[in-house]
Every structure is written in structure tokens, then in C-alpha cells.
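Worksheet: the structure to be examined is printed underneath.
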Amino acid sequence: MNIPNMSNNPNELIGESLFGKVRRRVLSTFVLNPERTFYLLELIRFLDSGRGAVQREVTRLSGAGIITRTKVGNQVHYRANTNNLIYRELRSIFSKTTGLIDLLRADLESCSDELGMAFIYGDYAGGTAGEDSPVRLMVVGDTAMDAVRACTVEFSREAARELHVTVLTAAELKRRLASNDRRIKEILTGNKIFLAGGRRELQVLSTTGDDLFDGIF
């Protein structure tokens, strides 16, 4: 699941301004997944980027000692060098800016239950988040709150931001919309960054009718 190339969110633009597109994606992949190794073709497929651009960045980063290079049989494997002088700083940058969405999305994808729809809303989605602003996450579907909390338990530590989670079943959301719940309507009509599902699901959620959620979750 790839992040769009360019964002209108100032939080995301910080990372986009500091690093070129390919370098940003290569760096965030390694520093946010320090336990994982990649060989070159695997990394190219993972990033869905051109071979030449990825190879250049990998060569530069391994030459600088930011990632390590290890030969395994006929393949060369790369991984984050957690002992590098600036590893913690890089991880902090990507966790707080352009990598924050990747980090939360990866956590959610580790949930044992499939999510119906999940999105970030509030200050972070609107690009007005301050240093202490929490990330607000809404999940709509049959996934239990305990399951969502279990798979996102490390997020606040890694991203250095609190995570506020709201979980509603489709039926609960339908009832709150039918009762003209102002808060829910503000959330659904405000800025959002989708992590699961998308605008099609939101459009259905925002309509009325007995078959509101048929075939969605």
C-alpha cells in the first residue's frame, strides 16, 4: 500500500522537503523496518520504483553506512544499520513526518482481524497538528477495540505521538448518523487520510437507507 507521491498535509511535506522521492521511500522503508532485510529486486518491487533510481540510493546509503550490505549466496541483502550515528534521528524524522502514515498503516495491517474502513482525522489529517497533537484514528467495521489497540500498541512510542482510537461497528455508525450526531458528521466531512477502505466506502457510509452497509463490510 503506497503513500501518494505528494501531500497537501504540512506534516507530510516536512519529509518530502528534506528528501527526494526515491531516497525518502528507501530510507523510510529501512529505518521503520529495522528488523527486515531486503535484496535489491525485492526492494524495487516493494517500492514499485525504477531499478536504476533505487540502486543508486541503496549504493549511496550503504556507502554512508546508513544501511548494511551483506552477501548471502548469490544475493546481496540490505538492512538498516541501527548502530549508525544518525539512525535514531532518521527514525524519529520518518516516524513523525512522512513515515508516520506508513508506520500506522503497517501496524494496522498486522491486525488479526480485517479492517473495514480506517482513517486518520482531526488536526493531523488537516495539517494543523502541533508538536503534542495526538493522531486520531477511526476504525469502522467488526474489528474489536482490543484488537485495534493490540496491533497499534507500539505506535505512540515509535511515532512520539499519542494515538486516540475510536472503533465503531457499521450499525453503530448508522445509528449515530441517523440521530444527526454532530461530532460524527464533522469527522466524516472533515479532512481524512485513509489507511483502509476509501472514498467509496465513505460515500456509502454518508448516505441513508436500509441497505446502507450491504456489501461494504
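Please treat every number below as a calculation from the coordinates, not as lab data. Just so we're clear, the structure is a prediction, and the values are computed from it rather than from any experiment.
The table that follows gives values for the structure above.
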{"quantity": "Rh (Kirkwood; distinct C-alpha pairs) - segment 164-204, Å", "calculated": "11.2"}
{"quantity": "Derived scalar couplings ³J(HN,Hα) [segment 52-65; Karplus, 6.51 cos²θ - 1.76 cosθ + 1.60; whole Hz; x for Gly, Pro]", "calculated": "x, 5, 5, 4, 4, 5, 4, 4, 5, 5, 6, x, 7, x"}
{"quantity": "Segment 57-155: C-alpha gyration tensor shape, a/c 1.5 cut-off, then a/b vs b/c", "calculated": "oblate"}
{"quantity": "Amide H contacts of Thr166 (H built 1.01 Å from N, under 5 Å, at least 5 apart or other chain)", "calculated": "Leu137, Met138, Val139"}
{"quantity": "Reduced Cα scattering model of segment 99-205, Debye log10 I(q)/I(0), q = 0.16, 0.25 Å⁻¹", "calculated": "-0.68, -1.57"}
{"quantity": "Karplus 3J(HN,Hα) series, Hz, for segment 74-79 with 6.51 cos²θ - 1.76 cosθ + 1.60 (x for Gly, Pro)", "calculated": "8, 10, 10, 9, 10, 7"}
{"quantity": "Enclosed volume per residue, in Å³, of the convex hull spanned by Cα atoms of segment 33-115", "calculated": "125"}
{"quantity": "Over segment 79-181, relative contact order from alpha-carbon pairs under 8 Å, at least 6 apart, %", "calculated": "28"}
